[in-house]
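One structure is given below, encoded as structure tokens.
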Amino acid sequence: MCGIVGVIGRQDATQVLLKGLEKLEYRGYDSAGLYVNDQQGHDHLVRRVGRIAALEAAITPAVTGTMGIGHTRWATNGKPTEANAHPQRSSDDRFYLVHNGVITNAQALAAQYLPAVTLASDTDTEVLVQLVAAFVQSGTATVAAFKQALSLCEGSYACCLVDRLDPSHLYVGKNKSPLLIGQGDGFHVVASDALAMLDLTDQFIELKDGEVVTLTATTCRIETLAGEQRLREPITVTITDGAADKGPYPYYMLKEINEQPAVMRRLVTAYAPDAAAPVVDPALLKLLAAADRLYIVAAGTSYHAGLVGKPLFERLANVPTEVHLASEFGYHQPLLSAHPVFIFLSQSGETADSRQVLVAIQKQGFKSLTITNVATSTLAREADFALGLHAGPEIAVASTKAYTAQIAVEALLATALGQAKRVPAAASFDVAHQLSLAAAGQQAVLDATDRIHALATAMFEDTRDAFFIGRGVDHAVSLEAALKLKEISYVQAEGFAAGELKHGTIALITPGTPVTAFISDPVTAAHTRSNAQEVEARGGHVLRVATQSLAQPGDDLVVADLDAALTPLVTIVVGQLLAYFTSFDRGYDVDRPRNLAKSVTVE
Ligand code: AGP
């Protein structure tokens, strides 16, 4: 996915766009560009491959304006080249467009409507801006041409359009990809994420799918593609801008790993049972209590958090629970129970794979809950219910505090649901105490950071591949620890069910292969230790991470005890730090690993 920004009505438009793009760089960083216009006949287009820094270096003092658009790209259609960078423009050089999303029928539209146009890029975005120009050339007014072009598009878009012949207006369109309008004193801004413009305003208008906005410095007209006007009041976004900077840490990821104990304690407070104002909507508990099966749907790290949530809901709320990869579920829906309820786990609340499932199950009349870190996100707004992670902005592409917050909220919700259903296991489960133990256990791991850094060096300094093994929730943690190492250090890491290793994959174990064994499940601890010995017998280099009550002499790291279903809250911090230091020591950009983006808003 990509990040887009727009501004109209400010003398410092270039700086507004650049600062906004810096805040959005987590959304993609293959190339960047901006277009500014001083509304007096002078304009500039600057695009560069690579990070925002490369774009900034190319901006001369002459590149000024009072309106403009900007873009930071995560390549989908077309390689990261300057020609494919946004803003894309029409052949007649009249229209400029930035776009986040994927127009899935772009080629068909080009063939049908642009047969004589020579496209200058490989992007779907250029087709859209060329369509607008073609419709205007045939006599249609700009906003009507914009609506006509958007109505032909299939797929997703959040886009900003400039008409060079009329720079007093900025045109905005939204469908499936996130986009907000910021309202300031005498100006408007546009952004994929409010974070980009928080230093200018906290008043934002949320856009819904299929809406088009015509902005001037002081007016904002929202309408549907069919021309029906919509009136909408701005919301106040309360992310404190300070929460979104690195502080004393070299990378956001290390800051966010260290924030986890505070997040646990914040969740205990945020979800503390309070008869006066129940935090969990009684209507949500009623809906969940009537469900005969829960379906947790997510992607990546959030999917791994769902794997930890499953036994929590089944044990504490006595409800069968399935966990599904969003990218699979939407197109190969399993046979559902009679009364399903869907739970979407998503840090960003914008993951397209997850959102397409939400759309599919809502068409079938099923109800849903989104658990997310972004209250204004698409999944939060479109589900029937939403619960917050209260983790604060998570900027690093590798998700850490959101993962543990998702598990904590699942535990809080499962307990509240079980208590509402009078499930004995829930009545005796002190979730607040468990999360307090988790916070303390996380802090103890953080206090051993230097030791973990040394272990990371010993285990992963020169390796090309690595394994993480465990059983039960330790298997779920192994999957997450492997993803952390893979995505920021590029080591081919694999999370594996410890008992499965001997059924084939152990053939990959050679002398020195690093294998990290998580041992926190009392039922299977002895078996996992046997599997670790099988690895060592073949020369593997095993790192054992055990909880206090299961620890044995020789274990490399011993972490605090807590309920066996919640040990991932603590053991994963070891995996996060192992990955962080491996990437850091290899000199990589820990926060912005290659090929990735923080929120994947394309399928
Ligand atoms: C996690 O480290 C990754 N960045 C990625 O797997 C992420 O968890 C996934 O894309 C889902 O994102 P979401 O939680 O915002 O839906």
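The values are calculated or read from the model by the stated rules, or taken from the named source; none is laboratory data. Predicted model only: the values in this text are computed from it and were never measured. Every residue, glycine among them, receives a Cβ derived from its backbone with ideal geometry; neighbour counts consider all protein chains shown. Calculation scope for accessible area: heavy atoms of the full protein, side chains included, ligands and nucleic acids excluded. Shrake-Rupley method; radii C 1.70, N 1.55, O 1.52, S 1.80 Å.
Please give every one of the lysines within straight-line cross-link reach of Lys147, meaning a C-alpha to C-alpha distance under 23 Å, and leave out same-chain neighbours fewer than 8 residues apart.
Lys174, Lys176, Lys208
Report, by chain and number, residues whose modeled amide H sits under 5 Å from the one on Val323, excluding near sequence neighbours (fewer than 5 apart, same chain).
Ile296
Taking a probe of 1.4 Å, how large is the accessible area per residue of the stretch 18-95, in Å²?
Ligands and nucleic acids excluded, the figure is 37 Å² per residue.
Quick one: grab the alpha carbon gyration tensor of the stretch 238-351, order the square roots of its eigenvalues as a ≥ b ≥ c, and give me rounded if a/c is under 1.5, else prolate or oblate depending on whether a/b is larger than b/c.
Verdict is oblate for the stretch 238-351.
Can you list residues from other chains, or at least 5 along the same chain, whose modelled amide H is less than 5 Å from the amide H of Gly50?
The answer is Ser31, Ala32.
Could you go through the stretch 497-506 in sequence order and give the Karplus-derived ³J(HN,Hα) for each residue, using 6.51 cos²θ - 1.76 cosθ + 1.60 with θ = phi - 60°, rounded to whole Hz, and x for Gly and Pro?
Coupling constants for the stretch 497-506: 5, 3, x, 8, 3, 6, 8, x, 5, 4 Hz.
Within the stretch 392-444, list the trypsin sites (Lys or Arg not before Pro) lying in a DSSP loop whose Cβ has at most 11 other Cβ atoms in a 10 Å radius.
When the trypsin sites (Lys or Arg not before Pro) of the stretch 392-444 are filtered for loop state and at most 11 Cβ neighbours within 10 Å, Arg422 remain.
What part of the accessible area of the chain, given as a whole %, is carbon or sulfur when the probe is 1.4 angstrom?
52 percent
Considering only DSSP beta bridges whose two residues both sit in the chain, what percent are antiparallel, to the nearest 5?
60 percent
Please give the charge dipole size of the chain, origin at the Cα centre, charges +1 on K and R Cβ atoms and -1 on D and E Cβ atoms. Round to the nearest 20 debye.
Computed charge dipole of the chain: roughly 560 debye.
Can you give me the long-range amide H partners of Gly184? Hydrogens built in the peptide plane at 1.01 Å from N, cutoff under 5 Å, separation of 5 or more residues or another chain.
Here the answer is Val189, since their amide H atoms fall under 5 Å of that of Gly184.
Dividing the Cα radius of gyration by the Kirkwood radius, what Rg/Rh value follows for the chain?
1.00
With axes computed from alpha carbons, what is the tilt in degrees of helix 300-316 against the longest principal axis of the chain, rounded to the nearest 10 within 0 to 90?
50 degrees
Quick one: Karplus J couplings for the stretch 31-39, per residue in order, coefficients 6.51, -1.76, 1.60, θ = phi - 60°, nearest Hz, x for Gly and Pro?
7, 8, x, 8, 10, 10, 9, 8, 6
Take a quick pass over the stretch 393-548 and tell me how many lysine pairs come in under 25 angstrom between Cα atoms, counting only ones 8 or more apart or on separate chains.
Final tally of qualifying lysine pairs is 4.
Under a 1.4 Å probe, what is the accessible area of the stretch 476-589 per residue, stated in Å²?
Ligands and nucleic acids excluded, the figure is 34 Å² per residue.
Want the number for Leu508 to Arg293: 0.36 nm per residue separation, take away the alpha-carbon distance, what's left?
This chain segment gains 73.6 nm when fully extended.
With θ taken as phi - 60° and the coefficients 6.51, -1.76 and 1.60, list the Karplus ³J(HN,Hα) couplings across the stretch 9-20 in order, rounded to whole Hz; mark glycine and proline as x.
Residue by residue, the stretch 9-20 yields x, 10, 5, 9, 4, 4, 5, 4, 5, 5, 5, x Hz.
For the stretch 25-116, take N as its residue count and report Rg(C-alpha) divided by 2.2 N^0.38 Å.
The reported ratio for this selection is 1.15.
Cα axis of helix 449-460 to longest principal axis of the chain: angle in degrees, 0 to 90, nearest 10?
90 degrees
Compare Thr601, Thr81 by solvent-accessible area with a 1.4 Å probe and give them largest first, with all protein chains kept in place.
Thr81, Thr601
Give me the distance in nm between label points sitting 7 Å out from Cα along the Cα-to-Cβ direction at Gln364 and Ala108, one decimal.
2.5 nm
State, as an integer percentage, the relative contact order of the chain based on alpha-carbon contacts under 8 Å between residues 6 or more apart.
12 percent
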